[in-house]
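Input: a single structure, listed below in structure tokens.
The values are calculated or read from the model by the stated rules, or taken from the named source; none is laboratory data. Because the structure is predicted, anything quoted here is derived from the model rather than measured. When we count neighbours, we look across all protein chains shown, and the Cβ atoms used for this are built from the backbone with ideal geometry, even at glycine.
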Amino acid sequence: MDIYKHNPLITNGVILAKEGKQPSRRGNRDDQNKYKRNLEEAQYLLNTKISKMKNTIKETSSNFKLSSELFFKIDYPAAFLAKSYQVNSVYKIAGLDIVGSSSWIDDDGKQGKSDYLRGSYDQIEMFESIIVNPKAKIHKSEIRRMDNIELLKPYQPNKFFTSTEHLNNYELLFHSVNENSKEELVEKVQELLGTGSSRTNIQWLDNNILCVNVNLNKLQQENILLFNPLRSIYPYKGRDYSAINYGFEKLSNDKKVNMMEEEVTTTLPFVGIIDGGVRVREAPFYTVEQLYEVETASSEQFVEHGSSVASVILYGDLGTISQQDVSPSFRAESVRALPSNWDSEFNLVSLEKIIREVVPKYPNIKIWNLSIGPKGPVQDEIVSSLTRLLDTLAYENDVIFVIAAGNTGEEQGIGSRVQIPGDSVNNITVSSYYNFDSLKWPATYNSIGPGREGAKLKPDIIEHGGLLPNDPILAFSSLNYAQNKVAGTSFAAPLITRKLAQILSLYPDFTTLQARALLEHSLAIGIEKDRDISVMSKGELEESESLIFTNSKNEVKIMYSGTISSKGLVKLPIPLPENYVSKKVKFTWTLAIKSPVNPDFPNNYTLHCIEDDFYPDSHHYTFTDDNGQEIILDLTDEEQIKQANKLLLKGYKQKDYPIKKENPKYLNESERRKKFLKWDTIKTQQVTKKTTSLFEPFIRLHGLSRKDTRDRIDYALVVTVNMSKDMDIHNSILQRYTQLQEIQLDTSIQTKV
């Protein structure tokens with residue numbers, strides 16, 4: 001029996017939402033047991049560290065520091081990771097600026113953090129005087145949290161290329177400087193590098209961050225590593241665009257492209273392609289427009305790559321299409337971002353410049369495919385300029401970049417990790433599988449997870465990327481008479497771009513955030529608990545994209561979309577049928593947000609998050625006296641309501657929210673990030689409850705921001721309720737909650753796609 005009844009997604013679950021009550025603050029967060037030292041011990045330690053740092057500053061040549069700005073760090077142990085423990089008062093009084101942060105692991109395996117500070121020598125002395133003689137109570141508390149002070153040294157990742165690879169290309173990132181220091185910083189960088197050639201590319205990022213892409217020899221590396229304002233030196237090289245070193249194998253084209261009338265093609269949805277360019281004059285690419293091109297001439301190899309990527313987006317894998325005639329599913333706007341043969345060095349600056357310029361100009365394009373990027377793995381300590389750009393554009397422009405994870409899985413150590421910008425938190429990263437012996441296997445060439453803080457579960461999704469020579473993807477060549485046999489994550493990504501664009505074409509009123517939530521939720525429904533996401537991703541999208549809009553007979557799927565204040569709470573009731581026979585109910589929900597990012601603070605990269613808590617019972621509340629004695633009462637029962645009022649008169653306190661039996665023991669910030677993906681932009685939870693324990697269940701959302709302002713956070717929450725023995729749960733809920741509405745798909749577009 002076909003279990004799918006194609007009951008449509010319910011899209012307006014948020015109509016049931018209720019404002020949440022702010023929990024009462026109880027207890028003293030400044031727990032004295034967290035501190036390693038008393039005040040006198042802390043003062044002695046810190047004064048010793050500052051004296052050593054001042055001596056180092058005096059001994060440092062003026063060539064290796066700025067005249068009025070110095071950069072140093074202060075370490076804090078694991079007990080003080082939460083936002084409420086952030087030191088501010090001492091910094092402010094001394095005139096110091098926080099310009100970044102990072103995390104580290106101590107000898108016991110616990111995570112600590114470092115604040116990166118900017119200040120003059122006089123301000124460092126002012127800071128020293130506050131430590132010697134703190135006036136305010138808050139200053140004494142902040143001083144006791146500090147664990148170490150020293151001048152900053154640049155982050156230099158371990159070598160992650162083989163000894164035979166060219167290591168001359170570097171991205172240099174510098175700490176944020178004041179406006180009046182920008183000119184001095186550039187001058188000293190050029191003096192230390194001893195180069196003003198065209199192979200040095202300089203760009204200023206937000207917050208006066210200097211980014212330099214440069215070709216360095218050994219002496220230049222040694223010089224720049226001594227420069228105090230340098231934050232990181234990051235080697236990279238061009239990606240292997242031809243995919244796993246096989247190149248493109250051509251075969252005779254057996255497909256005929258249908259040339260549709262203009263009135264038909266103008267109704268096709270748009271996608272964007274950032275790659276090596278497309279041979280638009282050839283018949284298969286008649287719905288592609290070449291929007292932008294880098295200044296240098298095109299490369300035959302890179303145009304072949306871009307054309308194959310475009311073919312997969314427009315037609316899918318030609319090897320899976322039995323009919324001879326094929327029609328494109330989309331109009332595509334192509335951006336040629338790869339250089340020519342004679343200038344084959346991968347230029348990050350030109351790539352970022354063109355992406356920054358193009359994407360905001362074309363609001364009609366919601367999905368952009370990016371199968372190119374520099375070869376270089378994710379580094380937790382730094383955020384690449386390309387990653388920060390894609391995250392910012394996705395947040396500000398309601399777009400999604402579908403990014404190839406990379407093909408370095410067979411390298412040793414960190415070199416096998418997801419390649420930048422696959423660590424993007426607001427976008428989707430794709431790995432590959434290949435078919436063998438009627439099974440799907442994750443490709444050994446896949447770059448693997450984890451991702452960075454804010455998107456730890458990477459890659460997001462796996463798709464057919466093939467394996468040469470026996471399981472290729474077939475794509476139109478840049479020459480109409482031929483097809484290419486290709487493989488790699490470069491060609492798995494456009495299949496997801498295609499599917500995601502089809503989802504948005506079926507329901508054009510969706511935001512990209514809602515589409516991402518639905519896509520990720522469809523993966524979460526079938527995920528196995530022991531799945532190694534870092535290798536196998538979260539899952540594969542169903543063969544029919546329309547299935548993400550539907551549910552089986554014994555399920556209901558509801559989307560809640562809205563906006564929450566960064567300090568607000570909202571209760572989202574989960575509707576259940578009035579009558580049912582099932583003894584257990586399985587709840588699965590996926591929460592998606594987009595967040596502004598703070599790349600100078602990679603351990604706190606996402607500025608927004610929403611905490612989600614499941615409450616199975618809205619009726620039963622706990623009352624507690626001063627001695628900790630607890631009484632649970634049902635506040636829908638008249639007699640128990642009377643008892644509750646008597647307890648309140650006796651001094652008992654009622655909990656702000658009902659009982660939650662799976663309440664974990666208190667978790668610190670590091671544990672909450674690991675266990676519940678706090679501060680991640682995508683997360684899924686699943687619980688199974690006995691029906692006897694369910695009384696008007698709901699999910700509570702709590703908006704959080706790392707800033708003190710009341711920001712607005714857009715969210716999309718998708719909930720699937722599964723009741724195994726109830727085959728008409730969907731209609732039963734619609735009859736009970738008449739305000740809920742089913743999705744209305746654009747069937748005219750569906751027919752054309």
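Numbers below:
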{"item": "Candidates 306, 316, 272, 276, filtered to the one that is touching a His at 6+ places or on another chain (Cβ under 6 Å) and either over 26 Å from residue 435 (Cα atoms) or of a type outside the set (Lys, Arg) (or both)", "result": "276"}
{"item": "Unique match (being β-branched (Val, Ile, Thr), at pLDDT 95 or above, farther than 24 Å from residue 486 by Cβ and within 22 Å of the chain's Cα centre (by Cα)) among 378, 383, 359, 402", "result": "359"}
{"item": "Residues of segment 100-140 classified as aliphatic (A, V, I, L, M) and part of a strand (DSSP E or B), total", "result": "2"}
{"item": "Segment 54-92, residues that are assigned to a helix (DSSP H, G or I) and surrounded by 17 or more Cβ atoms within 10 Å (Cβ to Cβ)", "result": "78, 79, 80, 85, 90, 91"}
{"item": "Filter pass, residue 704 being assigned to a strand (DSSP E or B), over 17 Å from residue 556 (Cβ atoms) and more than 15 Å from the chain's Cα centre (by Cα)", "result": "yes"}
{"item": "Residues of segment 551-610 satisfying the condition of being part of a loop (DSSP other than H, G, I, E, B), aliphatic (A, V, I, L, M), more than 14 Å from the chain's Cα centre (by Cα) and modelled with pLDDT of 95 or more", "result": "574, 576"}
{"item": "Out of 173, 96, sole residue that is of a type outside the set (Val, Ile, Thr), touching a residue at least 24 places away in the same chain (Cβ under 8 Å) and farther than 30 Å from residue 415 by Cβ", "result": "96"}
{"item": "Filter result for residue 274 (among the aliphatic types (A, V, I, L, M), part of a loop (DSSP other than H, G, I, E, B) and buried (at least 22 other Cβ atoms within 10 Å of the Cβ))", "result": "no"}
{"item": "Residue 127, sole failed condition from (1) in contact (Cβ under 8 Å) with a residue 24 or more places away in the chain; (2) on the phi > 0 side of the Ramachandran plot", "result": "(2)"}
{"item": "Matching residues, segment 431-449, being touching a Gly at 6+ places or on another chain (Cβ under 6 Å), in contact (Cβ under 8 Å) with a residue 60 or more places away in the chain and not in a strand (DSSP E or B)", "result": "445, 446, 447"}
{"item": "Evaluation of residue 631 against (1) part of a strand (DSSP E or B); (2) touching a Leu at 6+ places or on another chain (Cβ under 7 Å); (3) buried (at least 20 other Cβ atoms within 10 Å of the Cβ) (one fails), failing number", "result": "(3)"}
{"item": "Some residue of segment 388-398 being out of contact with any Asp or Glu (no Cβ under 6 Å at 6 or more places or on another chain), under 19 Å from residue 290 (Cβ atoms) and surrounded by 22 or more Cβ atoms within 10 Å (Cβ to Cβ)", "result": "no"}
